[in-house]
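What follows draws every value from the coordinates through simple rules; no lab data is involved. Because the structure is a prediction, the values reported are computed rather than measured. Cβ atoms come from the backbone with ideal geometry, glycine included; neighbour counts cover every protein chain shown.
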Amino acid sequence: MGIKKTVSVLGLGRMGSALATALVNAGYDVTVWNRTPKSLPGTRSVATPEEAFEADVVVTCLSTYDVQRPLLSKNVKTLVNLTSGTPEEARATAKWAQDNGVEYVDGVIMAVPQQIGTKQARILFSGNENHHVLDAFGEPVHVGADAGLAALYDLALLGIMWPVFGGYLQALALVGTAGVTPQQFTPLATDWLATVGTFLPEMGEATQHKNYETEVSALDINVEGLRLLTRASEEQGLDATVPQALHHLFQRAQSNGHGAHSIASVIEEIR
Ligand SMILES: NC(=O)c1ccc[n+]([C@@H]2O[C@H](COP(=O)([O-])OP(=O)(O)OC[C@H]3O[C@@H](n4cnc5c(N)ncnc54)[C@H](OP(=O)(O)O)[C@@H]3O)[C@@H](O)[C@H]2O)c1
């Protein structure tokens, strides 16, 4: 191994600590700064962000961009920004970096802290194609030249995860009304999710070509299914926000002439 770059990490929360530890494990010389002073084995702590900017690369992992923005200065040489935000926030930071002569990489972490440093941790990054230190964290994947793309992919992917979790919790509450345990139900749920995943490529293609003909399942039947799920939840005294939200959306698509079309046609309502 040649001479390793010096790296600073700003933010030692759950994720920042995991990132700093992965950098230590990869052999980097690591400096850390956190608002609440904290020590981390193998790293050197500094009292101000400015002291951390002496490093070749500065990795940020703070709770929000609003927290991060005032901490940065043009003394940063290369910024690897792993704080979550919107695409516009990422683009504004890229612009700030360009105006201040700072090399910039925008990344998002599609993993939990416990996966950092393993191949399970996928790190999406955009803009600058240089990986810099991302290899130490997991599997970097470049998603495009626009610096906002990593944040866009991040929110789009999480936007799939949250409704799935909401649907799963609704399902557990529903089957729980008949005494069914998570252990009994979950194997069927994970199998079902794998099956549902196989429908996505065709659905995606249908939205691309606006071809909503279907031999499989019309929107009408799915609106009725969501009505039944909402009613069954209410009959059992459960909150029905999750199915109701989709029921309303699908119903609007149905009223706008998509009843005989596939579920993919709902994208017209979303757009
Ligand atoms: N945890 C995950 O599974 C996960 C997964 C993917 C992405 N991420 C992203 O990683 C980032 C950090 O998440 P986390 O889970 O590490 O959060 P966390 O454990 O809550 O840590 C938040 C960090 O932000 C700092 N901070 C908060 N307010 C601050 C302020 N006003 N001034 C200075 N520092 C401030 C905290 O410092 P103190 O210690 O002083 O409070 C801490 O270092 C987020 O953008 C998150 O979306 C997290």
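Of all residues being in contact with a helix residue (DSSP H, G or I) (Cβ under 8 Å, 6 or more places away or on another chain) and within 14 Å of the ligand (Cβ to nearest atom) in region 131-154, which is farthest from Val196 (Cα to Cα)? Just the residue, please.
Among them, the one singled out is Phe137.
Among the residues making up region 62-89, those that are in contact with a helix residue (DSSP H, G or I) (Cβ under 6 Å, 6 or more places away or on another chain), in contact (Cβ under 8 Å) with a residue 60 or more places away in the chain and assigned to a helix (DSSP H, G or I) are Leu71, Pro87, Glu89.
Inclusion of Ala47 among residues that are more than 24 Å from Gly138 (Cα to Cα), away from the ligand (no atom under 15 Å from the Cβ), of a type in the set (Gly, Ala, Ser) and surrounded by fewer than 19 Cβ atoms within 10 Å (Cβ to Cβ) is not warranted. Entry remark, region 84-129: residues being of a type in the set (Gly, Ala, Ser) and within 13 Å of the ligand (Cβ to nearest atom) number 6 in total. Among the residues of region 51-83, the ones that are within 16 Å of the ligand (Cβ to nearest atom), of a type in the set (Asp, Glu) and over 20 Å from the mean Cα position of the chain (by Cα) come to 1 in all. Set side by side, the residues Leu82, Leu157, Leu134 differ, and just one is out of contact with any strand residue (DSSP E or B) (no Cβ under 6 Å at 6 or more places or on another chain) and not charged (D, E, K, R), which is Leu157.
Checked against (1) surrounded by fewer than 20 Cβ atoms within 10 Å (Cβ to Cβ); (2) without any contact (Cβ under 8 Å) to a residue 40 or more places away in the chain; (3) of a type outside the set (A, V, I, L, M), Tyr153 meets all criteria but (2).
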